[in-house]
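Take a look at the structure below.
What follows is calculated from the coordinates using simple rules that are stated; it is not laboratory data. It should be emphasised that the depicted structure is a prediction, and the values quoted were computed from it without experimental measurement. Glycine gets a Cβ as well: all are built from the backbone with ideal geometry, and neighbour counts include every protein chain shown.
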Amino acid sequence: MFGNSWQDRVDGFLEKPEANQKRRPPGAARFRGRRIVHIDMDAYFAALEEIKNPHLAGKPIAVGSSPTSRGVVSTASYPARRYGVRSGMSTREALRLCPQVIFVGSELQQYTYVSAELINIYHKFSPSVQATSVDEAFLDITGCAHLYGSEEQLGRQLKNTIRDKLSLTCSVGIASTKVMAKVASSVFKPDGLTVLDQQGIIQIVHPLPVGKLWGVGPSTLRALEEIGIKTIGDLAHWPVDKLRRRLGSFGEALRLIARGEDDSRVLAQEEPPQDKSMSHERTLPLKAVSRDYQLATLHYLCDRVTRRMRRHNYEGRTVTLKLRWTDFKTITRAITFSQYTDDTLHIYKIVKGIWQAAVGESNKPVRLLGVAVSHLREKVNNPQLGLFDNSAGRRHKITDTFIDSLRDKYGESVIHRAYSHLGSD
Ligand SMILES: [Mg+2]
């Protein structure tokens, strides 16, 4: 019953225990010395709406669709929470609890933009950042705190930076594991900062009901209560063999979590989404190459860049061509569009246009070509109408999706675009 359920329970938040064991070098100290920050933005969507419409500040507001439709509240401001309005509640229920509540529609696109700004701020404090949702993230700050004086000062500076740059408050928790850091960030809200050492785990976390521990879902909670475990502290001190008998290896893993001794790492994303670009470049053979060869190389580069964009779920709207001649003179030319895209052929056509303008009719030998796409944002699922909502765009989409799925399955070299074969590896 509990054997195969890690992923469901923790929803990708923790690694599977066996995955951890594989990555850990033999004999390495386990969790010792690791320090993790958890950041949870306070009433995030509501706070963003208040910034846009200052007259909403301090009022009970609920972000979500209007009460006439069958919508749910995605975030409630703190004044609304005082009436019992909560996220996930139906808008109708929210209105019943708090008749003066003001509903505002959610602007998901804007929210994700600010989330990307937040991630940029996090990267100034640690190279290891894992955003778990639009308003929550983990940072591994092992070995970073001394740069700020102390962990508390690091936390304070992080909060100040977010407040100064984005006018937002957040609650920060710092501890030795991800779960404990998350618990710590929830201890004082809003605008809290809690640093937990091992003593703090015993004093603050262990008295909490065991259901508050991340990873304990309703059925696990029932199983734990049946054997007499009420608090997180009970779980931490329960005999391992009894837990194993009832819950298998999951019980043992939960016990480690409750002790603040689990080994989940911050799973840093490869690319921070904003202010970054994705690029690919290639040095051409020393012998002069034809115009066709250059175009095929550009096609190949566009293919590589857009493949990576799609894999990370990004779209971009600035396309840059880099071109270096054999005399090392180098130019970069960029075009920015009003709409975002991840369409390989569309980006190739833009690059080709820039290339034609740059080289003209000359046959001056080219040494290097590069393609970059910047102004990246996380892809929005309902594309705007217009430029890309035409049959060519749809055809490209089908081709791109098909090629991506083949490569996901069989590797990158399983398929090449016909025109890019000259430039391929
Ligand atoms: Mg939050």
* Asked: Just for region 37-52: of the residues that are within 18 Å of the chain's Cα centre (by Cα) and in a helix (DSSP H, G or I), which one is nearest to the ligand (Cβ to nearest atom)?
  -> 44
* **Search result, residues across region 302-322 that are closer than 16 Å to residue 407 by Cβ, buried (at least 19 other Cβ atoms within 10 Å of the Cβ) and not charged (D, E, K, R)** => 302, 305, 306, 309
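Residues are listed down the side, and each one gets a yes or a no for (1) buried (at least 17 other Cβ atoms within 10 Å of the Cβ); (2) without any contact (Cβ under 8 Å) to a residue 24 or more places away in the chain; (3) closer than 24 Å to residue 54 by Cα:
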| residue | (1), (2), (3) |
| --- | --- |
| 135 | yes, no, yes |
| 147 | no, yes, no |
| 154 | yes, no, no |
| 163 | no, yes, yes |
| 172 | yes, no, no |
| 194 | yes, yes, no |
| 199 | no, yes, no |
* Which of the helices (runs of 4 or more DSSP H) contained wholly in region 127-246 include at least 1 residues that are within 16 Å of the ligand (Cβ to nearest atom) and more than 23 Å from the chain's Cα centre (by Cα)? -> 178-187
* Looking at residue 86, is it farther than 15 Å from residue 40 by Cβ and within 14 Å of the ligand (Cβ to nearest atom)? -> yes
* Does residue 107 satisfy the condition of being surrounded by fewer than 18 Cβ atoms within 10 Å (Cβ to Cβ), touching a Leu at 6+ places or on another chain (Cβ under 7 Å) and not small (Gly, Ala, Ser)? -> no
* Among the residues of region 334-368, which ones are touching a Ser or Thr at 6+ places or on another chain (Cβ under 8 Å) and under 25 Å from residue 313 (Cα atoms)? -> 334, 335, 336, 337, 342, 343, 344, 345, 347
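Tell me, please, whether a residue that is away from the ligand (no atom under 16 Å from the Cβ), small (Gly, Ala, Ser) and free of Cβ contacts under 8 Å to residues at least 12 places away in the same chain can be found in region 59-66.
There is no residue in region 59-66 that is away from the ligand (no atom under 16 Å from the Cβ), small (Gly, Ala, Ser) and free of Cβ contacts under 8 Å to residues at least 12 places away in the same chain.
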